[in-house]
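First the structure, in the form of C-alpha cells, and then the observations on it.
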Amino acid sequence: MNKKISVVMSVYSNDKAIHFKHSVESLLNQTYKPSEIIIIVDGKVPTKIEELLNYYKENNIINIIWLEENKGLANALNVGISRSKHELIARMDSDDICFEDRLEKQLKHLTENNLDFIGGQMIEFGNDKKDIISYRKVPVNHVDIVKYMKFRAPFSHPTVLFKKEVFIKLNGYDVNIFPEDYDFFVRVYLNGFKMGNLNENVLWFRLGANLSEALKRRWGKSYAKNEYKLYKKYFKLGFYNRLEFFKAILFKIPLRLLPFPVFKFIYFKMFR
C-alpha cells in the first residue's frame, strides 16, 4: 500500500493540552504513517495548546491552519479538507486516541473491498483508558449500514477514512445543520458511494470524567430542534419516506425532552 493519507483534526478553546498531545502522538506513532496531519485551530486556544502547536509546526508532516474565530467543527473540517494534499482523508478529534494500527488496517480494508468510505468500532472511556464506559458497535457491511442509518448514525465520526472525491462530490459538511456528521453520512449514501466499517476497535473515544456533562450535549430542547431540522432535510432529500420521517420524529425527539436522569439511563442502556 502506497496511498497517502491526510488526517484532519480541529482544536479549540475547550480542549485540554494533555489530551491534544496524546491525540497527535497517536497519529505520529501509527504503523502506517499519515503523509499529512492538518490541525485547524478554531479560534483562540489556551496558552499550553499554543505551545504544543508551536512545537508541532516544526514537524514537516504537520500543517497548522489558524482561524481567527470559532465557527464550529463543520466549518473547520471544510477548511482543512479543502486544503489537504492527498487522495484519502482520515478524521480525528483532538481528545481521542488512535489504536497504533488504525490507519494500516482501515486502508487495507478500504482497498481490498473497493470502498469509498470506512469507519470502525471504538471504545468509549472516562478520563483515562482504564475507565471503560462502553463499546460503540456499528454495522460492518454496506447493506446493514444503510438499514441502521435510518434511525442512528452508522459511523463514529472520529474513526472515518474516506476518499477526498467523496468530500468534493458532497460539497463538504453542511455548516447549517447539526449533527453535521450524521448528515454527511446520509449524503455519502445518497450519492452512491460504497461504505463499510472495520469490525475491530480503531479508536479510544474520550467521554471525560463528567459523563453527565458529556451527555448533555445530546439532550434538551436545542438538540431536539436541530434533530427535527435534520430529519426534515432527510425527508426532502428522499432518504426518508413519510412513514420513516414520522417514526423518527416520534421515537427520537421525545427522548431528548425527557428528564435528564431518565434520558441518561435510556441512552446508555439502549444506545450503547
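Available extension along the chain between Lys225 and Lys129 is 31.2 nm, counting 0.36 nm per residue and deducting the alpha carbon span.
Taking a point 7 Å out from the Cα of Arg217 in the direction of its Cβ, the residues of the stretch 113-140 whose backbone N falls within less than 20 Å of it are 119-138.
Applying 1/(1 + (r/R0)^6) with r as the Cβ-Cβ distance of Asn191 and Lys164 and R0 = 22 angstrom yields a FRET efficiency of 0.95.
A simple spin-label model places the labels of Glu200 and Ile266 3.7 nm from each other, with each point 7 Å out along Cα-to-Cβ. Highest mobility in the GNM of the chain, judged by mean-square fluctuation with C-alpha springs under 10 Å and restricted to Glu68, Glu124, Glu200, is found for Glu68.
Considering only beta bridges that DSSP places wholly inside the chain, some 30 percent are antiparallel. Given that just one value was derived from the coordinates, which of [x] 17.8; [y] 13.7; [z] 15.7 is mean projected area of the Cα convex hull in nm²? Read-out taken from this structure: [y].
For the pair Lys252 and Arg152, label points projected 7 Å from Cα toward Cβ lie 1.2 nm apart.
When the square roots of the Cα gyration tensor eigenvalues are ordered a ≥ b ≥ c, the ratio a/c for the stretch 63-201 is under 1.5, which makes its shape rounded.
Of the trypsin sites (Lys or Arg not before Pro) found in the stretch 18-116, those that fall in a DSSP loop while having at most 11 other beta-carbon atoms within 10 Å are Lys85.
Amide hydrogen proximity for Leu203: with H placed 1.01 Å from N in the peptide plane, the residues at 5 or more positions away or on another chain lying under 5 Å are Phe99, Ile123. Here the gap between Leu237 and Ile177, fully extended at 0.36 nm per residue and compared with their Cα-Cα distance, gives a gain of 20.2 nm. Adding -39500 (n - 2.57) for every DSSP H run of four residues or longer, then dividing by how many residues the chain holds, sets the calculated 222 nm ellipticity at -13000 deg cm²/dmol. Using alpha carbon centroids, what distance separates the stretch 210-234 and the stretch 31-46, in Å? The stretch 210-234 and the stretch 31-46 have Cα centres spaced 27 Å from each other. Note on the stretch 129-230: with charges restricted to the Cβ of Lys and Arg (+1) and Asp and Glu (-1), its dipole about the Cα centre is near 160 debye. Once neighbouring chains are kept in place and the probe is 1.4 Å, which whole percent of the accessible area of the stretch 130-272 is contributed by carbon and sulfur? Answer for the stretch 130-272 is 58 percent, counting heavy atoms of protein chains only.
Of the chymotrypsin sites (Phe, Trp or Tyr not before Pro) in the stretch 110-159, the ones in a loop by DSSP (not H, G, I, E or B) with at most 15 other beta carbons within 10 Å are Phe151. Ordering Ile249, Ile40, Phe260 by the projection of their Cα atoms onto the charge dipole of the chain, which places +1 on the Cβ of Lys and Arg and -1 on the Cβ of Asp and Glu, puts Ile249 at the extreme positive end. Using a probe radius of 1.4 angstrom, the carbon and sulfur fraction of the accessible surface of the stretch 57-97 is 40%. A 1.4 Å probe run over the stretch 140-215, with the rest of the protein chains in place, finds 38 Å² accessible per residue.
Note on Tyr32 and Ala209: their simple-model spin labels are 3.7 nm apart, each label 7 Å out from Cα toward Cβ.
The values are calculated or read from the model by the stated rules, or taken from the named source; none is laboratory data. Note that the structure is a prediction, hence the values are computed from the model and not measured. Cβ sites come from the backbone with ideal geometry, for glycine too, and all protein chains shown count toward neighbours. These accessible areas exclude ligands, DNA and RNA; they are computed on the full protein's heavy atoms, side chains included. Shrake-Rupley method; radii C 1.70, N 1.55, O 1.52, S 1.80 Å.
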